[in-house]
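Structure first, then comments.
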Amino acid sequence: MLGLKLPTDPRWVNIVEKNIEEILTDHAFCEQKATSTAISLIVSFPEYTELVQEMTALVKEEISHFKMVHDKIIERGWTLGRDRKDDYVIALTKFFPKGGSRTTQLVHRLLYAALIEARSCERFRLLSEELKDQELAAFYKNLMVSEANHYTMFLGFARNYGNKKEVDTKWQQLLEYEAKIMANLGKTEAVHG
């Protein structure tokens, strides 16, 4: 369903289990960045009423996810650490050239968002199936469903606002590029790393 060209090596969960505090901190900041992305799309493209409506709802959902993850951190006696750079997102967002029409810029941003959500969904599925901590496994199973919905929403908007055939071609190219990025990641306890 997700179309990812390179699945995460299941051994990544072993890395995560050695430092649950680190994955929760990274995850909390991923939720915060997802909130910021939705706000940025509203600010940058206010004339797309349907998009603005959906992004407004997404802001509420993502910030509630941030709170849920932050609550998990607090429950375990930890505090939220500092944000880390996300090498995955930095590399991913270099794929499309800068510039172009507003519509092209919007489509590219939507495709990036769709892929980030797809990879998050895939990682959360792995955590839900492989984590020994059953409470966290159930937590990630619930969040996996949300990520899948976000992925399809962003991809759907890209197809609605752009030329569907061109968007589908760009999507496949982006998936191929993302697989190359992922071949060098999966060695840290980060949602995308």
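The values are calculated or read from the model by the stated rules, or taken from the named source; none is laboratory data. All of these numbers come straight from a predicted model, not from anything done at the bench. In this analysis, Cβ positions are derived from the backbone assuming ideal geometry, glycine residues included, and neighbour counts consider all displayed protein chains.
Whether any residue in the range 165-179 is free of Cβ contacts under 8 Å to residues at least 40 places away in the same chain and β-branched (Val, Ile, Thr) is what I want to check. Scanning the range 165-179, I find at least one residue that is free of Cβ contacts under 8 Å to residues at least 40 places away in the same chain and β-branched (Val, Ile, Thr), so the answer is yes. A search for C-beta distances below 7 Å between a residue of the range 57-74 that is more than 19 Å from Glu21 (Cα to Cα) and touching a residue at least 60 places away in the same chain (Cβ under 8 Å) and any residue that is of a type in the set (A, V, I, L, M) and in a helix (DSSP H, G or I), counting only pairs 6+ apart in sequence or on different chains, returns Leu58/Ala38. Only one entry in Ala28, Ala57 is surrounded by 17 or more Cβ atoms within 10 Å (Cβ to Cβ) and not hydroxyl-bearing (Ser, Thr, Tyr), namely Ala28. For the range 75-90, a residue qualifies if it is free of Cβ contacts under 8 Å to residues at least 60 places away in the same chain and of a type in the set (A, V, I, L, M), and the qualifying residues are Leu80, Ile90.
Would you confirm whether any residue within the range 141-150 is among the β-branched types (Val, Ile, Thr) and without any contact (Cβ under 8 Å) to a residue 40 or more places away in the chain? Looking through the range 141-150, at least one residue is among the β-branched types (Val, Ile, Thr) and without any contact (Cβ under 8 Å) to a residue 40 or more places away in the chain.
Considering the range 152-193, and only residues there that are in contact with a Gly (Cβ under 9 Å, 6 or more places away or on another chain) and modelled with pLDDT under 95, the residue that is farthest from Leu111 (Cα to Cα) turns out to be Lys187. Restricting attention to the range 148-193, the residues that are among the hydroxyl-bearing types (Ser, Thr, Tyr), within 15 Å of the chain's Cα centre (by Cα) and buried (at least 18 other Cβ atoms within 10 Å of the Cβ) total 1.
Can you tell me which residues in the range 48-104 are β-branched (Val, Ile, Thr) and within 28 Å of Leu185 (Cβ to Cβ)? Within the range 48-104, Val59, Ile63, Val69, Ile73, Thr79, Val89, Ile90, Thr93, Thr104 qualify. Counting only helices (runs of 4 or more DSSP H) that fall entirely inside the range 34-153 and contain at least 1 residues that are touching a Ser or Thr at 6+ places or on another chain (Cβ under 9 Å) and under 24 Å from Asp168 (Cβ atoms), the qualifying elements are 49-75, 102-130.
Looking for something free of Cβ contacts under 8 Å to residues at least 24 places away in the same chain and over 24 Å from Met144 (Cβ atoms) - is there at least one such residue anywhere in the range 109-131? The answer is no, given that none of the residues of the range 109-131 is free of Cβ contacts under 8 Å to residues at least 24 places away in the same chain and over 24 Å from Met144 (Cβ atoms). Within the range 76-83, is even one residue exposed (fewer than 15 other Cβ atoms within 10 Å of the Cβ), within 18 Å of the chain's Cα centre (by Cα) and on the phi < 0 side of the Ramachandran plot? Yes, the range 76-83 contains at least one residue that is exposed (fewer than 15 other Cβ atoms within 10 Å of the Cβ), within 18 Å of the chain's Cα centre (by Cα) and on the phi < 0 side of the Ramachandran plot. For the range 34-54, a residue qualifies if it is under 15 Å from Ile116 (Cβ atoms) and surrounded by fewer than 16 Cβ atoms within 10 Å (Cβ to Cβ), and the qualifying residues are Ser36, Ser40.
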